[in-house]
Amino acid sequence: MVNQGFPQFSRMQDNAYVEILKNYSIPDFVLQIIAKTCDSGFAEKGRYYSKLESMNDKSIEMLYDIFVLYKNDNAEKFIQYRFYTYVSSLYPKCDVLINKSIQGLQKKHKVSVSVKSNGSLVAIAENKPTGNSINKKDVTKFFDMITDVKNGEYGTTLSDAIHCSSVGFRPDALVELESLKESREVNPENIIHFKTVNFEDNMYCIVDGKTNDEVEKHIRDNLTRVKIKQLD
């Protein structure tokens, strides 16, 4: 029997969600985006736990849905928030900027995430949240963009290029990227570390054209076809 006079507490008031979320390193700028979306206050100063406690129930529940339950929304924003958080975790002492334009040698490029250390650009990251798996055209476009930025005024300190995907990579795309990487001039000052990262089973996993079984199979199959053609 329910006591009609007993107060009905919010599911957030016991801080159960906050206790779980405090184990996640969600960057301030993502917390601020969620707070703004949910019309919540946000303590910009203080410890991480205090910042979570400053947010309203709606924002805490949204954070829980995104980072604990791995839910997605129709606007694909939840996927992007996880992507931002992943990239931020790789560069904990750097400034992570989203949706900024960077001037390359030939033209300006709108990038999903740019990372700066002491004001200098050190990394660029892109993400494909939905659709078909990343193909050769996608990786070539990414490689060309990174190369153009690297050759521009602001790319001298650029060293990392990260291509994330929630829909996978075609094996031939990974092979193509390996080929493009090898085509770059081998110069210690010109090196860019390309990383291809797939989001699967609720975690980000690095894949590449050297260690991926499907890629190796793709290469073997192509070699077989070449040999058959040569025999003909």
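Overview of results
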read-out: Proximal lysines relative to K22, as straight alpha-carbon distance under 18 Å, when same-chain residues fewer than 8 apart are discounted; value: K45, K51, K58
read-out: Pairwise label distance in nanometres, S183 with Y70, each label 7 Å out on the Cα-Cβ vector; value: 3.5
read-out: Whichever lysines have a C-alpha closer than 18 Å to that of K195, once near sequence neighbours (fewer than 8 apart) are set aside; value: K116, K128, K136, K137, K141, K150, K181, K210
read-out: Cα-based shape type of the range 8-71, given that a ≥ b ≥ c are square roots of the gyration tensor eigenvalues and the cut on a/c is 1.5; value: rounded
read-out: Per-pair calculated FRET efficiency, R0 = 30 Å: D39 and M203 via Cβ, rounded to 0.05; value: 0.45
read-out: Difference of contour (0.36 nm per residue) and Cα-Cα distance, A16 to N190; value: 57.8 nm
read-out: Virtual paramagnetic centre 7 Å along Cα→Cβ of K58, amide N under 11 Å, in the range 22-39; value: 35-39
read-out: Cβ crowding within 10 Å averaged over residues, with 98-109, 25-36 ranked highest first; value: 25-36, 98-109
read-out: Derived scalar couplings ³J(HN,Hα) [the range 168-175; Karplus, 6.51 cos²θ - 1.76 cosθ + 1.60; whole Hz; x for Gly, Pro]; value: x, 10, 5, x, 5, 5, 5, 5
read-out: Rounded FRET efficiency, nearest 0.05, which uses the C-beta distance separating T156 from R47 and R0 of 41 Å; value: 0.65
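Any read-out appearing in this document is the output of simple, stated calculations on the displayed coordinates, not a laboratory observation. Just so we're clear, the structure is a prediction, and the values are computed from it rather than from any experiment. All Cβ positions, even for glycine, are placed from backbone atoms using ideal geometry, and neighbour counts span all protein chains on display.
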